[in-house]
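Asks: Structure incoming, see below.
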Amino acid sequence: MLKVGILTSGGDCQALNATMRGVAKTLYNKVDDVEIYGFIDGYKGMIYGNYKLLKPKSFSGILTVGGTILGTSRTPFKDLDKPTPEGIDKVKAMKETYKKLGLDALVVLGGNGSLKTANRLSEEGLNVVGCPKTIDNDVWGTDMTFGFHSSVEIATEAIDCIHTTAASHSRVFIVEVMGHKVGWITLYAGIAGGADVILLPEIPYDIKKVCKAIENRKMAGKKFTILAVAEGAISKEDAKLKKKEYKAKVASREYPSVAYEIADQIVKETGVEARVTVPGHTQRGGQPCAYDRVLSTRLGAAAAEHIISKDFGKMVSLKGTEIVDIPLAEIAGKLKYVDPESDIVKQAKLTGISFGD
């Protein structure tokens, strides 16, 4: 009998269920005798031995369902070697749960931190296969993560909706998009939604240049300006600060977020009224889009193939149009940032979009 454990860790997103379904349907289809155990609330389920035996019907009807049927939680990698409040050794406990169930493999659906932990478990001797999950699309070693395009759809719709009210008012409208460290969602949604200014963590902005772009639109007879701003957008001045200095500044910031700070600066610089919209966690919710349903099904099936062929210590990923794999050790601890010199940024600038630089 083949015994497989599966868990979803870190922030939730669309298509987690679809990916688990891809894993399960492939295993049920290719292996005569298989048991799949789902760990409740991510790595926490492995640590505390909280799991349930899943049946084929458990995976029925979940292709279009957002969130995760197993629940999730964050188990920061930096705290992995710190005991739980009850004094439990986390890594030891996970290994013991794995052995207690007699698992042949563990499938981890997660982002950067979760996959870093997956690599640690692989180094500890567990048979692990990873699947790249995050709305941020910042997992190293894959062109796309599942959840990203669904999130972009929601952020784009928010910008689309702002357009209709923007046409009625002579204001600046700022849509704050998720993305603390990387700006992939903001970049894609900003372009798709027709934003006039896009501000990303990877491209520090000059507020005077942002205001200049607004003034140029006014001079051209445009009644409004729309900004797509990543929640991790940073000014050129702040980008020069040391990490601790910047964290301290953010902690003492009088504004709820950078978008509100930018709005206040725009009002002071231009005299134009500014409004902020924050879609927030709606970007993680709802049904997965068609693209993510296809991608997650393919990644899930590929993960199952790795289990069947006993090819472990890998993350399945998308390169171009092909599903490939990459060693977990190669992607652990790395982030995939937006390259300021990339074609997509250059082409956005060619259309007149300002990045505030």
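Asks: Being open to solvent by less than 20 Å² (accessible area, probe 1.4 Å), within 18 Å of the chain's Cα centre (by Cα) and among the aromatic types (Phe, Trp, Tyr), is that true of even one residue in segment 172-181?
Replies: Checked against the condition, which is being open to solvent by less than 20 Å² (accessible area, probe 1.4 Å), within 18 Å of the chain's Cα centre (by Cα) and among the aromatic types (Phe, Trp, Tyr), segment 172-181 yields no hits at all.
Asks: Something else: Could you please find all residues in segment 12-64 being crowded, with 17+ Cβ neighbours inside 10 Å, β-branched (Val, Ile, Thr) and in contact (Cβ under 8 Å) with a residue 60 or more places away in the chain?
Replies: Thr19, Val23, Thr26
Asks: I've got another one for you. For segment 69-117, name all the residues that are assigned to a loop (DSSP other than H, G, I, E, B), charged (D, E, K, R) and under 12 Å from Ser9 (Cβ atoms).
Replies: Arg74
Asks: Oh, and also: Could you grab the pairs with beta carbons closer than 9 Å, sequence gap of 6+ or different chains, first residue in segment 288-299 and under 20 Å from Ala155 (Cα atoms), second one open to solvent by 10 Å² or more (accessible area, probe 1.4 Å) and polar (S, T, N, Q)?
Replies: Close Cβ pairs (under 9 Å, with a partner that is open to solvent by 10 Å² or more (accessible area, probe 1.4 Å) and polar (S, T, N, Q)) amount to Pro288/Thr64; Arg293/Thr64; Arg293/Gln287.
Asks: Kindly indicate whether any position in segment 68-89 is open to solvent by 60 Å² or more (accessible area, probe 1.4 Å), within 20 Å of the chain's Cα centre (by Cα) and closer than 22 Å to Lys314 by Cβ.
Replies: So far as segment 68-89 goes, yes, one or more of its residues are open to solvent by 60 Å² or more (accessible area, probe 1.4 Å), within 20 Å of the chain's Cα centre (by Cα) and closer than 22 Å to Lys314 by Cβ.
Asks: Can you tell me which residues in segment 313-334 are modelled with pLDDT of 95 or more and not aliphatic (A, V, I, L, M)?
Replies: Listed by number, the residues that qualify are Gly313, Lys314, Ser317, Lys319, Gly320, Thr321, Glu322, Asp325, Pro327, Glu330.
Asks: Mind listing just one residue for me: the one in segment 243-277 that is polar (S, T, N, Q) and in a helix (DSSP H, G or I) and, of those, farthest from Ala155 (Cα to Cα)?
Replies: Per the stated criteria, the residue is Thr270.
Asks: Oh, and also: Ser151 versus (1) among the small types (Gly, Ala, Ser); (2) buried (at least 24 other Cβ atoms within 10 Å of the Cβ); (3) in contact with a His (Cβ under 9 Å, 6 or more places away or on another chain): which is the lone unmet condition?
Replies: For Ser151, the failing item is (3).
Asks: Are any residues in segment 314-343 open to solvent by 50 Å² or more (accessible area, probe 1.4 Å) and among the hydrophobic types (A, V, I, L, M, F, W, C), and if so, which ones?
Replies: Within segment 314-343, Val324, Ala329 meet the criteria.
Asks: Could you check, for segment 261-276, whether at least one of its residues is crowded, with 20+ Cβ neighbours inside 10 Å, touching a Gly at 6+ places or on another chain (Cβ under 8 Å) and not hydroxyl-bearing (Ser, Thr, Tyr)?
Replies: So far as segment 261-276 goes, no, none of its residues is crowded, with 20+ Cβ neighbours inside 10 Å, touching a Gly at 6+ places or on another chain (Cβ under 8 Å) and not hydroxyl-bearing (Ser, Thr, Tyr).
Asks: Oh, and also: When both residues are 6+ apart or on different chains and their Cβ atoms are under 6 Å apart, which pairs have a first residue that lies in segment 170-182 and is on the phi > 0 side of the Ramachandran plot, and a second that is of a type in the set (S, T, N, Q) and modelled with pLDDT of 95 or more?
Replies: Correct list of pairs: Gly179/Thr186.
Asks: Evaluate the following for Val229: is it free of Cβ contacts under 8 Å to residues at least 60 places away in the same chain and either touching a Phe, Trp or Tyr at 6+ places or on another chain (Cβ under 8 Å) or open to solvent by less than 20 Å² (accessible area, probe 1.4 Å) (or both)?
Replies: yes
Asks: Still on this model: If you take the residues in segment 286-313 that are polar (S, T, N, Q) and in a helix (DSSP H, G or I), which one is least open to solvent (accessible area, probe 1.4 Å)?
Replies: Once the filter is applied, the top-ranked residue is Ser296.
The values are calculated or read from the model by the stated rules, or taken from the named source; none is laboratory data. What you are looking at is a predicted structure, and each value in this text was computed from that prediction instead of being measured. Neighbour counts run over all protein chains shown; Cβ positions are idealised from the backbone, glycine included. When the accessible area is computed, the model is the full protein with side chains, heavy atoms only, and any ligands, DNA or RNA have been set aside. Shrake-Rupley method; radii C 1.70, N 1.55, O 1.52, S 1.80 Å.
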